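Read the structure below first, then the notes.
The values are calculated or read from the model by the stated rules, or taken from the named source; none is laboratory data. Keep in mind the model is a prediction, meaning the values are calculated, not measured. Here the Cβ is made from the backbone with ideal geometry for all residues, glycine too, and neighbour counts use every protein chain on show. Calculation scope for accessible area: heavy atoms of the full protein, side chains included, ligands and nucleic acids excluded. Shrake-Rupley method; radii C 1.70, N 1.55, O 1.52, S 1.80 Å.
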Amino acid sequence: MRKVDEGIRQVLSEAIPALKDPRIGFVTVTAVETTNDLEHAKVWVSVYGSEKTRAATLRALEGAIGVLQARVGRELRLRRTPHLAFVYDRAVEHGVAMTKLIDELAPTDETDEQPS
C-alpha cells in the first residue's frame, strides 16, 4: 500500500497546483493513507496561511474531488480509484510552534564571545 499511497500523493501534489480555483492557497500533500480495498484514501494536506485561508482551501479541494479522483485514476490505473477525503495536517503547524518554544526557552549563551 505504500507504493499506492506514494503514487496518489505524487499525482495530487502535481494536480492541485494546476487547479484554477482562486480559493486554493499554497498546499502541500504531506501523506496519503489508502484502505486495503482501495475504497477510500485520506489525504493529509498542509496549507500555508491563516485559518480562513485553510478553511477556504479545504472547501475548494472538497469541491474538486471529482477532478482529482479522475486524474488519480487516469495516471495510476488502479483496479479501483479510491474516494478522496482531505484532512488538514497540523504537524507542520505544531513543528513551527515547538521550534518557537525551544528558541524562547533556550538559554542565550553570552560566553560565545572570544576574548581579544
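Within region 74-82, is even one residue under 15 Å from the mean Cα position of the chain (by Cα) and not β-branched (Val, Ile, Thr)? The answer is no; no qualifying residue exists.
Look through region 67-83, keep the residues that are touching a residue at least 40 places away in the same chain (Cβ under 8 Å) and of a type in the set (Lys, Arg), and return whichever of them is farthest from Thr35 (Cα to Cα). Here the answer is Arg71.
Criterion applied to Ala55, Ala41 was being at pLDDT below 95 and open to solvent by less than 60 Å² (accessible area, probe 1.4 Å), and the one residue passing it is Ala55.
In region 76-91, the count of residues that are in a helix (DSSP H, G or I) and of a type in the set (A, V, I, L, M, F, W, C) is one or more.
For first residues located in region 40-53 and assigned to a loop (DSSP other than H, G, I, E, B), partners that are of a type in the set (Val, Ile, Thr) and surrounded by fewer than 18 Cβ atoms within 10 Å (Cβ to Cβ) and lie 6+ apart or on another chain with Cβ distances below 7 Å do not occur. If we keep just the residues of region 26-37 that are in contact with a helix residue (DSSP H, G or I) (Cβ under 8 Å, 6 or more places away or on another chain) and surrounded by fewer than 17 Cβ atoms within 10 Å (Cβ to Cβ), which is farthest from Val92 (Cα to Cα)? My answer is Glu33.
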